[in-house]
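To start, the structure under review is shown below, and the notes come after it.
The values are calculated or read from the model by the stated rules, or taken from the named source; none is laboratory data. Remember, predicted model here, so these are calculated numbers, not experimental data. FYI the Cβ positions are ideal-geometry reconstructions off the backbone, even for glycines, and counts take in every protein chain you see.
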Ligand SMILES: NC(=O)c1ccc[n+]([C@@H]2O[C@H](COP(=O)([O-])OP(=O)(O)OC[C@H]3O[C@@H](n4cnc5c(N)ncnc54)[C@H](OP(=O)(O)O)[C@@H]3O)[C@@H](O)[C@H]2O)c1
């Protein structure tokens, strides 16, 4: 069975990815909280504070998914330098830390796959997104650079979601009005579901995606690329 490390599997997309893989893969998880379902293979790790515990990793890692992220939407005037630093820490540097620690194990696999998370707000400019778009833009740069550096044995791709219903986005979807407005902004008339992102991540991890690397896959209800005329 393939070994997969999912950082951030206590909630949201990471939890769904772990649930979908657990019967067919050996799933390792890491996050600040505990993960009862995968407790024997769970490392307590704060991505913004410490190096990843290398001794937790198996010798061979076939897949790595880094899920921690942020949605810090504010006008540029209100975004402090610290806000930019915090978004950069959790979205980019946390991923860099676990990637550095995991590289020997990823190299030991015949073909490994890394999946990172970006945002639709990188390729499509959106108001209030300066800090998160800057941090996720760095994730996209990392994705393509590492894909080039680590080919042909390690594939590196990212998923760029639009608004998806998870604990992270709950504050943006508190009222019925917010939910309807968010759905209507998307050409497909709805916001994303956790499964929409988990299915894409599981595809990128699988051998079905063996000829895909250096890509940023938009999973966004069409909002990043098409307009509807009324
Ligand atoms: N949801 C959306 O609308 C949306 C839109 C665009 C992009 N994205 C991106 O998609 C990815 C997944 O988002 P999600 O909505 O599934 O997020 P989520 O529900 O907040 O889940 C994040 C996971 O990461 C872990 N985590 C958070 N901070 C951590 C830290 N400092 N150290 C270690 N683990 C940490 C959390 O576990 P603990 O709390 O136990 O640490 C949790 O398991 C993120 O990168 C996000 O930026 C999401």
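If you go through region 54-87 and keep only what is exposed (fewer than 15 other Cβ atoms within 10 Å of the Cβ) and not in a loop (DSSP other than H, G, I, E, B), you end up with 54, 55, 76, 77, 78, 81, 82, 85. Residue-level check: of (1) within 14 Å of the ligand (Cβ to nearest atom); (2) modelled with pLDDT of 95 or more; (3) surrounded by fewer than 22 Cβ atoms within 10 Å (Cβ to Cβ); (4) farther than 26 Å from residue 109 by Cα, residue 51 misses just (4).
Against the definition (more than 14 Å from the ligand (Cβ to nearest atom), over 18 Å from the mean Cα position of the chain (by Cα) and either crowded, with 16+ Cβ neighbours inside 10 Å or more than 23 Å from residue 162 (Cβ to Cβ) (or both)), how does residue 41 come out, yes or no? So residue 41 passes the test. When the residues of region 4-20 are filtered to those that are assigned to a loop (DSSP other than H, G, I, E, B) and crowded, with 21+ Cβ neighbours inside 10 Å, the one that is farthest from the ligand (Cβ to nearest atom) is 9. How about region 5-33: which of its residues are in contact with a strand residue (DSSP E or B) (Cβ under 7 Å, 6 or more places away or on another chain) and in contact (Cβ under 8 Å) with a residue 40 or more places away in the chain? Of everything in region 5-33, those that are in contact with a strand residue (DSSP E or B) (Cβ under 7 Å, 6 or more places away or on another chain) and in contact (Cβ under 8 Å) with a residue 40 or more places away in the chain turn out to be 5, 6, 7, 8, 9, 14, 17, 21, 30.
Taken over region 115-143, the residue count meeting the criterion of being in a helix (DSSP H, G or I) and under 19 Å from residue 89 (Cα atoms) is 16.
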